[in-house]
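Student: This is the structure I want to talk about, given as structure tokens.
The values are calculated or read from the model by the stated rules, or taken from the named source; none is laboratory data. Owing to the predicted nature of the structure, the values given are computational and were not obtained by experimental measurement. Backbone-built Cβ (ideal geometry, glycine too); neighbour counts: all protein chains shown. Calculation scope for accessible area: heavy atoms of the full protein, side chains included, ligands and nucleic acids excluded. Shrake-Rupley method; radii C 1.70, N 1.55, O 1.52, S 1.80 Å.
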Amino acid sequence: IIVKPIDAAEGWPMYHIAMGNTKGAHVDLTAAPFTFAYWNNTSPTSSVFSLGSHVATNGSGDNIIAYCFAEVPGYSSIGSYEGNGSADGSFVFTGFRSSFIMCKSIDSTSDWFIYDSKRLGYNVDNNSLFANTNGAELTADNIDILSNGFKMRIASDPNVAETFIYMAFAENPFGGEDTAPV
């Protein structure tokens with residue numbers, strides 16, 4: 001869940017199940033997740049999420065927009081992985097070739113890395129962008145985008161020995177068992 005007050009000068013608080021319901025992170029910051037009254041200490045359900053008393057998620061009189069994401073087999077994968085600190089990095093199974101991947105460490109200060117298959121689109125040249133800056137893309141070869149997931153190719157962020165959260169969307173969405181094609 002990513003929320004944003006649209007008529008107040010606040011950041012982009014977000015929720016991910018791997019952080020628990022007492023912590024939040026900001027998509028516009030590099031800070032590690034921190035404890036704030038964002039989610040009312042309540043886990044979301046498939047149809048409802050709770051807002052706490054913090055001004056960034058529930059300011060009095062503010063209009064707030066929320067982007068809520070869930071896994072859909074063959075279309076999206078949302079989860080966490082453990083970095084291994086090796087150039088032969090962690091493999092993350094998504095079940096599809098991704099066109100968009102965003103990831104961040106939840107154990108320390110780090111950037112929000114964005115990779116996609118559209119700019120260069122071939123391994124190992126998948127340049128990264130940072131969601132939390134206005135900087136130009138980086139040309140380091142950090143990731144291989146594979147037919148069934150992605151594999152880190154760097155010993156530093158986003159593959160240090162920490163827990164990372166990620167969100168990935170399929171390049172060519174397809175239906176799985178009991179799932180209609182998108």
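Student: What pairs come up if the first residue lies in region 55-71 and is under 28 Å from TYR166 (Cβ atoms), the second is of a type in the set (S, T, N, Q), and their beta carbons are under 8 Å apart, counting only those six or more places apart or on different chains?
Tutor: From region 55-71, the pairs are ILE64/THR57; ILE64/ASN58; PHE69/SER76; ALA70/SER46; ALA70/SER76; GLU71/SER77.
Student: Could you identify the single residue in LYS4, LYS23 that is out of contact with any Asp or Glu (no Cβ under 8 Å at 6 or more places or on another chain), of a type in the set (Lys, Arg) and either within 24 Å of ASP157 (Cα to Cα) or modelled with pLDDT of 90 or more (or both)?
Tutor: Exactly one of LYS4, LYS23 is out of contact with any Asp or Glu (no Cβ under 8 Å at 6 or more places or on another chain), of a type in the set (Lys, Arg) and either within 24 Å of ASP157 (Cα to Cα) or modelled with pLDDT of 90 or more (or both), namely LYS23.
Student: Report yes if some residue within region 78-96 is hydroxyl-bearing (Ser, Thr, Tyr), over 14 Å from the mean Cα position of the chain (by Cα) and open to solvent by 70 Å² or more (accessible area, probe 1.4 Å); otherwise report no. Before the answer, list the steps.
Tutor: Kept after step one, since they are hydroxyl-bearing (Ser, Thr, Tyr), are these residues of region 78-96: 80-81, 86, 90, 94.
Narrowing the set further to residues that are over 14 Å from the mean Cα position of the chain (by Cα) leaves 86, 90.
Cutting the leftovers down to open to solvent by 70 Å² or more (accessible area, probe 1.4 Å) gives us none.
Scanning region 78-96 turns up no residue that is hydroxyl-bearing (Ser, Thr, Tyr), over 14 Å from the mean Cα position of the chain (by Cα) and open to solvent by 70 Å² or more (accessible area, probe 1.4 Å).
Student: Just to be sure before I move on: is THR163 among the polar types (S, T, N, Q) and over 16 Å from HIS16 (Cβ atoms) in the structure I sent?
Tutor: no
Student: Moving on to the next point. What are the residues in region 46-67 that are of a type in the set (Ser, Thr, Tyr) and in a strand (DSSP E or B), if any? Reasoning before the result, please.
Tutor: Kept after step one, since they are of a type in the set (Ser, Thr, Tyr), are these residues of region 46-67: 46-47, 50, 53, 57, 60, 67.
Selection gives TYR67 alone.
Student: With the structure loaded, tell me whether PHE100 is buried (at least 21 other Cβ atoms within 10 Å of the Cβ), touching a residue at least 24 places away in the same chain (Cβ under 8 Å) and of a type in the set (Phe, Trp, Tyr) or whether it fails that test.
Tutor: Answer is no for this residue.
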